[in-house]
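Enquirer: Could you have a look at this structure, given as structure tokens, before my questions?
Read-outs: derived from the displayed coordinates by stated rules, not from any lab. Here the structure is a predicted model, which means the values were calculated and not measured. Virtual Cβ from ideal backbone geometry, glycine too; neighbours counted across all protein chains shown.
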Amino acid sequence: MIFMLRNLVKLCPKSWFILNKNVHSVIPNLVIPTISLEECIWKNIEKWHSRTALICAETNRRYTYLEVYNKTNSLAHFLYNFDKLNKSDTIASILPNLPENAIIYLGAIEAGFKISCINPSLTPDEMGRQLIQADTKMVFTTSEAYKNVFHATQLSKLQIPIIVLKVKEETQLPNETIDFNDTLRHVHKVRLNLRKNHEDTIMILFSSGTTGYPKAVEITNKNVVSNLLQLSTLDFNAFVPADEFHQEVVPIVAPMYHVLGIMVLLLKGLLNGCKLVTIPKFTLKLFLNTLEQHKASVLYGAPPIIHLLLSNEHVKQSHLASLKTIVSGAAPLKAVDVTKLLDKLNGRVNVLQGYGLTEITAVSHLQTPSIENGIKPGGIGLLVPGTEAKILSPDGEELGANKTGELILRGPQVVKGYYNNEQATKESFSSDGWFKTGDLGHYDEDDHFFITDRIKDLIKVKGYQVAPGELEELMRHHPDIADVAVIGVSHDKFGEVPKAFVVPKHDSKITSTDIQEYVNNRVVNYKRLVGGVVFIESVPKSPAGKILKKELKHL
């Protein structure tokens with residue numbers, strides 16, 4: 001039976017929380033060993049060292065588990081001995097989904113460095129800002145992205161080494177770069193085996209905020225190992241671990257600079273001996289060919305992927321024939337869409353939903369078919385092992401079942417905070433380990449959770465999170481804009497899109513087209529003002545200065 005603590009206990013005045021109505025996982029206590037990430041990932045290497053670990057869907061380039069293990073060691077030694085790097089420096093990865101990402105991430109972490117994953121589609125301005133935020137001392141990128149990355153380092157005035165993966169072998173690299181292949185040339189029989197603290201930061205990923213630019217999230221070794229093991233317990237593992245007769249085949253559609261891609265697919269996939277098929281750039285043809293030709297057994301995807309499977313005329317039963325499990329994340333999936341998908345697949349596939357955030361390393365909730373009431377239409381599932389939750393009213397009262405409030409979470413996967421941003425950390429993380437998600441939701445009598453709205457006002461465009469505050473900050477720099485507010489509006493194709501409400505400066509002749517061009521030239525495509533621009537006399541605000549975005553929705 002799911003354990004629920006409902007005692008009404010008064011907490012100290014400085015606490016966020018007035019009453020104690022914690023909801024615990026069905027597995028409230030999960031022992032997390034004090035091991036490094038590399039020890040966790042490679043603990044079963046002997047079982048499947050000859051199996052294929054990673055394949056590029058585009059080029060068919062592939063690596064066995066033993067090859068990834070050895071190349072990771074070679075890169076770790078190269079980085080450890082590189083004279084321009086110091087202990088705990090940050091190494092940035094600005095890469096599409098490639099098999100080599102695994103070698104770079106694990107090699108950097110094994111050598112004692114932090115890995116920061118940055119979206120390669122960002123503009124040089126956006127890249128440069130994130131390189132500075134993460135205190136970057138080295139960058140890995142591809143020959144295709146090199147020009148933008150180099151421009152980003154110039155804009156941010158960073159003179160740092162750039163290691164380049166050749167997209168095509170015949171590509172000539174600029175003289176000032178390092179060829180990725182050169183970092184792997186030396187074979188080392190002994191691993192570094194560095195002493196590490198469980199609380200050391202090993203990853204910096206970027207999370208969209210509601211004000212200003214994306215924040216750098218500081219993720220520790222303990223966070224990563226904990227969430228991987230939480231998601232690999234019997235009841236919450238969407239992957240069946242490999243053995244001599246079986247190996248899951250998993251396409252990596254979600255970008256690896258996002259927690260879904262790096263944590264839930266890449267690292268958890270390696271931990272469970274999966275065959276991982278990386279998709280560098282999404283196209284319908286490549287995606288469907290990957291499902292069919294590689295006989296994909298588990299598919300993780302945002303709702304746009306689910307909608308594609310449901311409605312695109314090019315999707316045939318042959319593409320879906322091998323699938324056993326589909327997990328939707330990154331944005332809510334409507335219950336009606338789950339029903340349609342089950343009907344299309346004749347009920348033979350488990351369709352699950354989960355919930356996660358960068359600030360909880362990856363996942364806090366997941367639906368599971370192996371626990372009674374573990375799957376409910378429109379729900380996000382049960383708490384994963386070792387996790388607890390509360391639902392808070394606006395005045396901080398802890399609410400019981402079937403009452404809506406803000407979801408807050410605590411567990412070993414809750415991150416350290418925001419890198420070099422003490423104020424933002426204090427606003428979202430309590431001293432006793434709770435994280436305020438900013439999402440509204442409730443739990444029912446079976447402790448199954450449901451998300452009903454977003455306090456943070458994040459705009460979900462094709463599964464990507466777009467922070468209104470980032471776009472507002474950008475537009476405030478325009479000389480003809482006095483004030484601005486951005487909201488998300490519904491869009492048939494993309495789910496939501498940004499729409500701007502602009503107060504022009506007096507006597508300005510700026511047009512909506514001028515503003516759209518100004519923004520669209522400075523941001524990645526999914527952040528563009530597809531919802532349009534509306535001119536208003538003033539932005540509605542509360543006495544405290546908070547933008548009243550609900551009022552904007554009616555303008």
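Enquirer: Which far-off residues, 5 or more places away or on another chain, put their amide H under 5 Å from the one on M203, with H placed in the peptide plane?
Expert: Distant-sequence amide H within range of M203: I115, I219.
Enquirer: With +1 on the Cβ of every Lys and Arg and -1 on the Cβ of every Asp and Glu, and nothing else charged, how large is the dipole of the chain about its Cα centre, in debye rounded to the nearest 20?
Expert: Its charge dipole is roughly 340 debye.
Enquirer: Using a/c under 1.5 as the rounded threshold, could you call segment 72-187 rounded, prolate or oblate? The axes a ≥ b ≥ c are square roots of the C-alpha gyration tensor eigenvalues, and prolate needs a/b larger than b/c, oblate otherwise.
Expert: It comes out oblate by the Cα gyration axes.
Enquirer: Taking θ = phi - 60°, what integer Hz values does the Karplus form 6.51 cos²θ - 1.76 cosθ + 1.60 yield along segment 378-389, in sequence order, with x for Gly and Pro?
Expert: Working through the residues one at a time gives x, x, 10, x, 9, 5, 6, x, x, 10, 10, 9 Hz.
Enquirer: Ok, one more. Between D243 and N346, what is the label-point separation in nm under the 7 Å Cα-to-beta-carbon projection?
Expert: 2.7
Enquirer: Can you give the helix-only mean residue ellipticity at 222 nm for the chain, where every DSSP H stretch with n ≥ 4 adds -39500 (n - 2.57) and the sum goes over all residues, rounded to the nearest 500 deg cm²/dmol? Show your work: numbers first, answer last.
Expert: Working: 16 runs with 133 residues, N = 555.
Helix contribution divided over all residues of the chain: -6500 deg cm²/dmol.
Enquirer: Moving on. Estimate the FRET efficiency between L30 and L284 by the formula 1/(1 + (r/R0)^6), using the beta-carbon distance for r and 51 Å for R0, to the nearest 0.05.
Expert: That pair, L30 with L284, gives E of 0.80.
Enquirer: Further question: If each residue's Cβ is checked for other Cβ atoms within 10 Å, how do E388, E170 rank with the fewest at the top?
Expert: Working: E388 18, E170 5.
Listed from fewest to most nearby Cβ atoms, that is E170, E388.
Enquirer: With a cut-off of 8 Å between alpha carbons and a minimum separation of six or more residues, what is the relative contact order of the chain in percent?
Expert: Working: 1188 pairs, mean separation 73.8, N = 555.
Once normalised by length, the contact order is 13 percent.
Enquirer: Let me ask something additional. K157 to E372: FRET efficiency via 1/(1 + (r/R0)^6), r the Cβ-Cβ distance, R0 60 Å, to the nearest 0.05?
Expert: Numbers: r = 58 Å, r/R0 = 0.97.
FRET efficiency, K157 to E372: 0.55.
Enquirer: Quote the relative contact order of segment 459-552 in percent (integer), defining contacts as alpha-carbon pairs under 8 Å separated by 6+ residues.
Expert: Details: 161 pairs, mean separation 26.2, N = 94.
Relative contact order, segment 459-552: 28 percent.
Enquirer: Calculate, in nm to one decimal, what S393 and E292 gain on full extension: separation in residues at 0.36 nm each, minus their alpha carbon distance.
Expert: Working: separation 101, 0.36 × 101 = 36.36 nm, distance 4.75 nm.
Difference between extended and current length: 31.6 nm.
Enquirer: Would you tally the net charge around P99, using a Cβ to Cβ cut-off of less than 9 Å, leaving P99 out, and scoring K and R as +1, D and E as -1? Mind showing how you got there, number by number?
Expert: Working: positive: R61, R62; negative: E100.
Overall, the nearby charge balance is +1.
Enquirer: Nothing charged except the Cβ atoms of Lys and Arg (+1) and of Asp and Glu (-1): what's the magnitude of the dipole of segment 459-552 about its Cα centre? Round to the nearest 20 debye.
Expert: With only Lys, Arg, Asp and Glu charged at Cβ, the dipole is about 320 debye.
Enquirer: Please work out whether the chain counts as rounded, prolate or oblate from its C-alpha gyration tensor, where a ≥ b ≥ c are the square roots of the eigenvalues and a/c under 1.5 means rounded, while otherwise a/b larger than b/c means prolate and anything else oblate?
Expert: rounded
Enquirer: Roughly speaking, what is the stretch gain from A482 to S431, that is 0.36 nm per residue apart minus the C-alpha to C-alpha distance, in nm to one decimal?
Expert: Taking A482 through S431 to full extension adds about 14.5 nm, to one decimal.
Enquirer: Quick one: what are the phi-derived ³J(HN,Hα) couplings along segment 412-420, Karplus 6.51/-1.76/1.60 with θ = phi - 60°, whole Hz, x for glycine and proline?
Expert: Result, rounded to whole Hz: x, 8, 5, 6, 5, x, 9, 4, 6.
Enquirer: Next question, about the same structure. Collect residues whose amide H, placed 1.01 Å from N in the peptide plane, falls under 5 Å from the amide H of F140; neighbours closer than 5 in sequence don't count.
Expert: A92, S93, I94, I163
Enquirer: Lys/Arg Cβ at +1, Asp/Glu Cβ at -1, dipole of the chain taken about the Cα centre: which of M256, S512, G378 is farthest positive-ward?
Expert: Ranked along the dipole, the leading option is M256.
Enquirer: What is the fewest-to-most order of V484, V336 by other Cβ atoms lying within 10 Å of their Cβ?
Expert: Ascending number of Cβ neighbours within 10 Å: V336, V484.
Enquirer: When the dipole is taken about the Cα centre of segment 38-183, and only Lys, Arg (+1) and Asp, Glu (-1) are charged at their Cβ, what size is it in debye, to the nearest 20?
Expert: Charge dipole, segment 38-183, about its Cα centre: 200 debye, nearest 20.
Enquirer: Along the Cα→Cβ direction, 7 angstrom out, place labels at F535 and K316. What is the inter-label distance in nm?
Expert: 5.4
Enquirer: Cα gyration tensor of segment 459-552, axes a ≥ b ≥ c as square roots of the eigenvalues: rounded (a/c below 1.5), prolate (a/b > b/c) or oblate?
Expert: Oblate is the answer for segment 459-552, as a/c is 1.5 or above yet b/c matches or exceeds a/b.
Enquirer: Put +1 on the Cβ of each Lys and Arg and -1 on the Cβ of each Asp and Glu in the chain; which of H188, A467, F435 then has its Cα farthest toward the positive end of the dipole?
Expert: H188
Enquirer: Within a Cβ distance under 14 Å of G347, other residues only, what is the Lys/Arg minus Asp/Glu net charge?
Expert: Counting the neighbours of G347, the net charge comes to +3.
Enquirer: Among V31, I451, P394, whose Cα projects farthest towards the positive end of the dipole of the chain, with charges put on the beta-carbon of Lys, Arg (+1) and Asp, Glu (-1)?
Expert: Result: V31.
Enquirer: Same structure again: Please list, ordered by chain and number, the residues whose modelled amide H lies under 5 Å from the amide H of T123; skip anything fewer than 5 residues away on the same chain.
Expert: Counting only residues 5 or more places away or on other chains, the set is V524.
Enquirer: Evaluate E = 1/(1 + (r/R0)^6) for D492 and T59, where r is the Cβ-Cβ distance and R0 equals 22 Å; express this FRET efficiency to the nearest 0.05.
Expert: 0.05
Enquirer: Can you sort K499, K344 by how many other beta carbons sit within 10 Å, fewest first?
Expert: On the way: K499 23, K344 14.
With the sparsest Cβ surroundings first, the list reads K344, K499.
Enquirer: Next question, about the same structure. Working out 0.36 nm times the residue gap between K166 and H198, then minus their Cα-Cα distance, what length gain in nm do you get to one decimal?
Expert: That pair, K166 and H198, stretches by 8.0 nm at full extension.
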